[in-house]
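Before any comments, here is the structure.
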2 protein chains.
Amino acid sequence: MGKARRLDGAALAATIRAELVPKVAQFRARVGRPPALDIVLVGDDPASHIYVRNKERAGSETGLAVTVHRLPATTTRDALLALITQLNESAGCDAILVQSPLPGALGRGAAQQVFDAINPQKDVDGFHPQNVGLLVQGRATLSPCTPAGVVELLRRESIPVAGRHAVVIGRSEIVGKPMALLLLQRDATVTVCHSKTVNLPAIASQADILVAAIGRAAFVTKEFVKPGATVVDVGTSRVDDRALVARWFGDPSQRLADFDKKGTAVVGDVHPEVAEVAGALTPVPGGVGPLTIAMLLKNTLIAAEHARS
Amino acid sequence: MGKARRLDGAALAATIRAELVPKVAQFRARVGRPPALDIVLVGDDPASHIYVRNKERAGSETGLAVTVHRLPATTTRDALLALITQLNESAGCDAILVQSPLPGALGRGAAQQVFDAINPQKDVDGFHPQNVGLLVQGRATLSPCTPAGVVELLRRESIPVAGRHAVVIGRSEIVGKPMALLLLQRDATVTVCHSKTVNLPAIASQADILVAAIGRAAFVTKEFVKPGATVVDVGTSRVDDRALVARWFGDPSQRLADFDKKGTAVVGDVHPEVAEVAGALTPVPGGVGPLTIAMLLKNTLIAAEHARS
């Protein structure tokens, strides 16, 4: 990276997890069991299996009881909903996470139906409409993990938000919209851009805080970034084209050498050249990703404590 | 007004109400009774009594059954919640509106508790967190009346929204936030500004569509407005200072003459001089206000039909 300060999400995630450990232990001492997270994983998507394993490991290391329900790709919607009902009603389950994406075979609208079925008090992803509404109203107990992680990062890195202009590129339910709402709640002036935005670089380059959450590798180039701005890179794209990696990261470069070892690279939405102009920048990997998992663990503890308050 | 096209909300509201009449009659023929709106009005606020009377009249003229529950200012929170429960359970009530503001004597958090208690399917104001969440997710059945009215106005006046830059000044739960979300859903690039925004005129004057919803009389002056922009004025402030009315509207002027008759004037957030630069502008009064009521009647029919679908 160039001159931009590197915002080390992985290190902050480790700090957050370490802060959770004694709180989780206290919960366990008080309640007689650890906070319990149930993860539902349907089908064979390799990336999903890796993500779930990472969540499982991070949760266990923090002292949570993590149960992974691995269901075959042939699982019916009814069977999946029956499992959700069972977990909703189980006193031994505090938090439910259904890993996205669900297999296409479950049919259109399956994800929405499943997320809607989760008990809002156990909804650690914060996707249930009730939780989304409470987020808008500034009184959410469970905020979506990725945007909550970004806010936590800005706070701990002492990057001011109030009165600053934040531009969010992307308007997904999972990142873009809740990110915009959380920044607005912290008194930023907030602009949401997307695929229909005209003259995106001109708008993005007004941002004091630029959040890229579109899932297009290296899309955000220098012309999108005001000198000195804080740039948060939420995107992760898998890139299998060596020429692209060479062009973006240089030849020779560490990233290209890594690519040659693995045959693939994980690349953010932000072009590496942005490090030359940004004031601070989250790397990919090692930026927002680990924070998302840390916030999931934190939400699990919050859900468990809330159920007992 | 100057050269800006006048966006006649009152006329559009009359059109919407006229369109509702046969649909309401069809509902009545099918169900054996008209769609039923219950309005709860607590206390003696004179403005609230006028608003409720206007809603009652407009509803009755459209063929709805409107019942106003007028409760004394001494009503307890429990009594109010008991009425909400009764209306929630009543098969003869399709839609519930609790007029804001509630008397301060009900205590902090009363409004939130009461809005949360309303059955989301009867929540024609769209304030329940479940409905707010569905709005964010682009699948609301009941959208808040004022922003829904603004969207309807833009649509019927053929003012393009997709790809345009919309700036919303104000971030209330009732107008600012849902307005931003509805414009985003219609593919606008959306910026939300508020009291903490730095250099507000510079940001507002980028807007193709500028929505002012702050409740500060004549706050939005020419410097906030890009020439040719569409300006939507949601604010209504009561002004009792003759000198201000004379300064804003001119002396002599029709508005000043009206003031001298009534001793007060209703003034929007947008300064009259904006008519000289805007391309189109909603007046106050006669702009967004009547649309809000028309959308309330429409939401009542939607709620009634939805309960039977």
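All of the numbers you see were taken from the coordinates with simple rules; none came from a lab. From a predicted model like this one, the values you see are computed outputs, not experimental measurements. Methodologically, a virtual Cβ is constructed for each residue, glycine included, from the backbone with ideal geometry; neighbour enumeration extends over all protein chains shown.
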Exercise for review: List, in order, the whole-Hz ³J(HN,Hα) value for each residue of the range A:237-243 obtained from phi through the Karplus relation with A = 6.51, B = -1.76, C = 1.60 and θ = phi - 60°; use x for Gly and Pro.
Suggested key: 10, 8, 10, 10, 9, 4, 4
Review point. Does the range A:170-241 come out rounded, prolate or oblate, given a ≥ b ≥ c as the square roots of the eigenvalues of its C-alpha gyration tensor, rounded meaning a/c under 1.5 and, failing that, prolate meaning a/b above b/c?
Key: oblate
Check your understanding: How large is ³J(HN,Hα) for each residue in the range B:94-106, as worked out from phi by the Karplus curve 6.51 cos²θ - 1.76 cosθ + 1.60 (θ = phi - 60°), to whole Hz, x for Gly and Pro?
Key -> 9, 8, 10, 10, 9, 5, 8, x, 7, x, x, 4, 6
Revision key, fill the gap. A:VAL132 neighbourhood, Cβ < 14 Å, K/R = +1, D/E = -1, net charge 0
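Does the range B:33-119 come out rounded, prolate or oblate, given a ≥ b ≥ c as the square roots of the eigenvalues of its C-alpha gyration tensor, rounded meaning a/c under 1.5 and, failing that, prolate meaning a/b above b/c?
Oblate shape, in that a/c is at least 1.5 and b/c is the bigger or equal ratio.
Taking the Cα centre of the range B:213-257 as origin and charging only Cβ (+1 Lys, Arg; -1 Asp, Glu), how large is the dipole, in debye to the nearest 20?
In debye, rounded to 20, the range B:213-257 gives about 60.
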Point to revise | Quotient of C-alpha Rg and 2.2 N^0.38 Å, computed over chain A | key: 1.01
Practice item. Per DSSP H run of at least 4 residues, take -39500 (n - 2.57); add these up for the protein assembly as shown, divide by its residues and hand me the 222 nm value, nearest 500 deg cm²/dmol. Key: -13500 deg cm²/dmol
Practice item. Scan around A:VAL66 for amide H atoms under 5 Å from its own, H built in the peptide plane at 1.01 Å from N, and keep only partners 5 or more places away or cross-chain. Key: A:LEU37
Check your understanding: Taking the Cα centre of the protein assembly as shown as origin and charging only Cβ (+1 Lys, Arg; -1 Asp, Glu), how large is the dipole, in debye to the nearest 20?
Key -> 60
Revision key, fill the gap. Partner shielding of B:137-148, as the mean number of partner chain Cβ atoms within 10 Å, equals 1
Review point. Pairing the Cα long axis of helix A:77-89 with the longest principal axis of chain A, what angle in degrees results, from 0 to 90 and rounded to the nearest 10?
Key: 70
Check your understanding: By its C-alpha gyration tensor, with a ≥ b ≥ c as the square roots of the eigenvalues, how is the protein assembly as shown shaped: rounded for a/c under 1.5, else prolate for a/b larger than b/c, else oblate?
Key -> oblate
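Mind checking B:110-120 for the average number of partner chain beta-carbons within 10 Å of each residue's beta-carbon?
Per residue, the average neighbour count from other chains is 1.
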Review point. What are the label-to-label distances in nm, one decimal and shortest first, from A:ASN199 to the same spot in the other copies, with labels 7 Å along Cα to Cβ?
Key: 1.5
Exercise for review: Show which lysines lie in cross-link reach of A:LYS261 when reach means a straight Cα distance below 26 angstrom and same-chain residues fewer than eight apart are skipped.
Suggested key: A:LYS55
Review point. Picking from B:ILE293, B:ALA111, B:GLN254, whose Cα lies most toward the positive end of the charge dipole for chain B (charges on Cβ: Lys, Arg +1; Asp, Glu -1)?
Key: B:ILE293
Point to revise | Summed side-chain charge close to B:SER195 - residues other than B:SER195 whose Cβ falls under 10 Å, Lys, Arg +1, Asp, Glu -1 | key: +2
Exercise for review: Would you mind pulling out the separation of the Cα centroids of the range A:24-89 and the range A:217-292, in Å?
Suggested key: 31
Practice item. Can you tell me the equivalent ellipsoid semi-axes for the range A:145-288? Use √(5λ) from the Cα gyration tensor, largest first, whole Å. Key: 26, 15, 14
Check your understanding: Between copies, how far does the label point of B:ALA91 sit from its twins, in nm, shortest first, when each point is 7 Å from Cα along Cα→Cβ?
Key -> 3.8
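Treating only the Cβ atoms of Lys and Arg (+1) and Asp and Glu (-1) as charged, compute the dipole magnitude of chain B about its Cα centre; round to the nearest 20 debye.
With only Lys, Arg, Asp and Glu charged at Cβ, the dipole is about 400 debye.
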Check your understanding: For A:GLY107, which inter-copy label distances result when the label point lies 7 Å beyond Cα on the Cα-to-Cβ vector, reported in nm to one decimal and in ascending order?
Key -> 4.7
Review point. Say the cut-off is 26 Å between C-alpha atoms; which of A:LYS122/A:LYS262; B:LYS196/B:LYS262; B:LYS23/B:LYS122; A:LYS177/A:LYS226; A:LYS196/B:LYS122; A:LYS226/A:LYS262 go over it?
Key: A:LYS122/A:LYS262; B:LYS196/B:LYS262; A:LYS196/B:LYS122; A:LYS226/A:LYS262
Check your understanding: Beyond 15 Å, what share of the Cα-Cα pairs of the range A:130-196 remains, rounded to the nearest whole percent?
Key -> 50
Review point. Which angle between 0 and 90 degrees, to the nearest 10, do you get for helix A:176-185 versus the longest principal axis of chain A when only C-alpha atoms count?
Key: 90
Check your understanding: Once phi is turned into θ = phi - 60°, what whole-Hz ³J(HN,Hα) does the Karplus curve with 6.51, -1.76 and 1.60 give for every residue of the range A:42-53, x standing for Gly and Pro?
Key -> 10, x, 10, 4, x, 4, 4, 5, 5, 4, 5, 4
Practice item. With springs only between Cα atoms under 10 Å apart, run a GNM on chain B and tell me which of B:ALA280, B:ALA207, B:ALA243 wobbles the most. Key: B:ALA243
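Please compute, for peptide A:28-38, the average count of beta-carbon atoms on other protein chains lying within 10 Å of each residue's beta-carbon.
Mean partner shielding for this stretch: 0.
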Point to revise | For chain A, built as a Gaussian network whose Cα springs stay under 10 Å, the top-fluctuating residue of A:THR75, A:THR191, A:THR146 | key: A:THR75
Study note, to complete from the structure: Most exposed first, judged by fewest Cβ atoms within 10 angstrom, B:GLU19, B:GLU56, A:GLU89, A:GLU152 run A:GLU89, B:GLU19, B:GLU56, A:GLU152
